[in-house]
Amino acid sequence: MFAPNYRLYRCPKCGGLLEVEVSNLYWAPKGRGVWRYASMLPLKSGVSLGEGQTPLVKSALGEGLYVKFDGANPTGSFKDRGMALGVTVARESGANKVVVASTGNTAASAAAYAARAGLRCYVVLPRGNVARGKLVQAALHGAELVMVNGFFDKALEYVVNYGTKYAYPLNSFNPWRLEGQKTLAFEVYEELGCPDYVVVPVGNAGNISAIWKGFRELASLGLCGKLPKMVGVQAEGAAPLADAWERGLDEPLFVDEPRTVASAIKIGRPINWPKALRAVRESGGFFVKVSDGEIMRAQRLLATRDGLGAEPAGAASVAAALKLGLGGTVVAVVTGHALKDPDAVEVSAREVRNADELAELLER
């Protein structure tokens, strides 16, 4: 146990991950969004763009299936929940600049929230492995973009080893940021109670552990009698945790060159793997992997049947839910909006030469 310190995000003794423990938790939701749950957070107010309070939609794709659409956050992904807390903590710590490694969503969110807080933002990106929609967002919000050769894991290595010396880091090894992401559990509880399963795409593995922490805290207050099982979803070509789970191993089978259309979870060495593994085990859940074909099929079904546009990584949770056929109440977390990665969607259009041809088409 260490005293609260906004500049403490790794154990000074072993370099391991830390977790924020909020004393005197009590359930008193008030207002809206992430800061609605101030009584459950380590800070009571802070930077906000109106994040949180995202739709929980009853899906037409399966009985008992609900979709938590975090693509409806201000910058289009779940990262906004964490950045509300992370950027607030950065500002409170006296920092004037922040730094992140990113596959795109973290970059967009950090840039937007840093702009809101009046902080400079540096984003380290893996060259050629970031969807253009996310690059545009980060640039638009005024971030300094830095490209490195390799995959996300190389970008994160640079931030961990060098970036933390000069700027406040906002990647998910910073436990203060994850406090914002646990609020998804609180929103699900308010609308649905505690479901049987929560299915979460896993990239750097911070979100699944944060959501589990939120449910555990609800249970500690007597509000969640039966905790949900956490299901972590990875793409087949980037599945260090799911592969290890299949083989009964205690550590990930790291992937040096991850491959998947789902760029947001194209991570071979997730830094938060110990937390994710603990969350899945404690909850009685499991890890599963899905193919790129299953992901893209789920993206189409989600769009054409439920009216929800998910980026491929976000659709991975729905792909897993459909593949597994889980019983009871299932919440699939869609982490990002389809417009984050427009190049992943095939667009076709029929040409008509005049109004008569249009009328003929419409009559069919």
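The values are calculated or read from the model by the stated rules, or taken from the named source; none is laboratory data. What you are looking at is a predicted structure, and each value in this text was computed from that prediction instead of being measured. Note: ideal-geometry Cβ built from the backbone for every residue, glycine included; neighbour counts use all protein chains shown. These area figures cover heavy atoms from the full protein model, side chains too; ligands, DNA and RNA do not enter into them. Shrake-Rupley method; radii C 1.70, N 1.55, O 1.52, S 1.80 Å.
The relative contact order of region 1-122, computed from alpha carbon pairs under 8 Å that lie at least 6 residues apart in sequence, is 19 percent.
When the Debye formula is applied to the Cα atoms of region 205-364, each taken as the same point scatterer, what base-10 log of I(q)/I(0) results at q = 0.12, 0.14, 0.17, 0.21 Å⁻¹? Evaluating at q = 0.12, 0.14, 0.17, 0.21 Å⁻¹ gives log10 I(q)/I(0) of -0.58, -0.74, -1.02, -1.38. Taking the Cα centre of each part, how many Å lie between region 203-233 and region 1-39? Using only Cα atoms to place each centre, the spacing works out to 15 Å. Between Val345 and Glu190, residue separation times 0.36 nm minus the direct Cα-Cα distance comes to 52.4 nm.
Sparsely packed loop sites in region 323-364 (the GluC sites (Glu not before Pro) outside DSSP H, G, I, E and B with at most 14 other Cβ atoms within 10 Å) comprise Glu346, Glu351. Sequence-ordered 3J(HN,Hα) estimates for region 12-22 from the Karplus curve with 6.51, -1.76 and 1.60 and θ = phi - 60° stand at x, 8, 10, x, x, 6, 10, 10, 7, 10, 8 Hz, glycine and proline given as x. Under a point-charge model restricted to the Cβ atoms of Lys and Arg (+1) and Asp and Glu (-1), what is the dipole moment magnitude of the chain relative to its Cα centre, in debye to the nearest 20? Its charge dipole is roughly 1140 debye. A 1.4 Å probe run over the protein chains yields, for region 116-171, 51 Å² of accessible area per residue, whole-number rounding.
How much of the accessible area of region 40-175, probe 1.4 Å, is carbon plus sulfur, in whole percent? Heavy-atom surface of region 40-175 belonging to carbon and sulfur, 1.4 Å probe: 48 percent. Take every pair of alpha-carbon atoms less than 8 Å apart whose residues are at least six positions apart; their mean separation over the length of region 275-364 yields a relative contact order of 22 percent.
Within the chain, all pairs of alpha-carbon atoms sorted by distance into 10 Å bins from zero give the percentages 6, 26, 36, 23, 6, 3, 1, 0. Plainly put, region 1-87 has a radius of gyration that is 1.06 times its Kirkwood radius, both from alpha-carbon atoms, as the Rg/Rh ratio. Loop-located GluC sites (Glu not before Pro) in region 46-92 (DSSP state other than H, G, I, E, B) with a sparse environment of at most 13 neighbouring Cβ atoms within 10 Å: Glu63. Which FRET efficiency value, to the nearest 0.05, do you get for Asn96 and Lys30 by plugging their Cβ-Cβ distance into 1/(1 + (r/R0)^6) with R0 = 35 Å? Approximately 0.65, to the nearest 0.05. Built from the Cα atoms of region 109-167, the convex hull projects on average onto 3.9 nm², one quarter of its surface area. Its relative contact order, with pairs defined as Cα atoms under 8 Å and 6+ residues apart, puts region 102-254 at 16 percent. Under a Gaussian network description of the chain, with springs only between Cα atoms under 10 Å, the residue in Leu170, Leu17, Leu178 that fluctuates furthest is Leu17.
Mean residue ellipticity, 222 nm, helices only, the chain: the sum of -39500 (n - 2.57) across DSSP H runs of n ≥ 4, divided by residue count and rounded to 500, is -10500 deg cm²/dmol. Among Lys182, Lys134, Lys97, the largest mean-square fluctuation in a Gaussian network model of the chain (Cα springs under 10 Å) belongs to Lys97. Distance between the 7 Å Cα→Cβ label points at Asn5 and Leu140: 3.9 nm. Among the listed pairs Lys229/Lys323; Lys58/Lys182; Lys165/Lys213, which have their C-alpha atoms separated by more than 24 angstrom in this model? Listed pairs above 24 Å: Lys165/Lys213. Above 14 Å, the calculated P(r) of region 190-255 contains 62 percent of its Cα-Cα pairs. Sparse packing (at most 12 other Cβ atoms within 10 Å of the Cβ) combined with a DSSP loop state is found for none of the GluC sites (Glu not before Pro) in region 229-327. In region 300-357, the ratio of gyration radius to Kirkwood radius, Rg to Rh, stands at 1.17 when only Cα atoms are counted.
Convex hull of alpha carbon positions in region 110-253: directionally averaged projected area 10.9 nm². The per residue volume of the convex hull around the alpha-carbon atoms of region 41-134 is 117 Å³. Its Cα gyration tensor gives region 253-338 an equivalent ellipsoid, and the semi-axes of that ellipsoid, as √(5λ) in whole Å with the largest first, are 22, 18, 11.
Treating each Cα of region 44-91 as an identical point scatterer and summing with the Debye formula, the log10 of I(q)/I(0) at q = 0.13, 0.15 Å⁻¹ comes to -0.38, -0.47.
Free of any chymotrypsin sites (Phe, Trp or Tyr not before Pro) that DSSP assigns to a loop and that have at most 13 other C-beta atoms within 10 Å, the longest stretch within the chain is 27-364.
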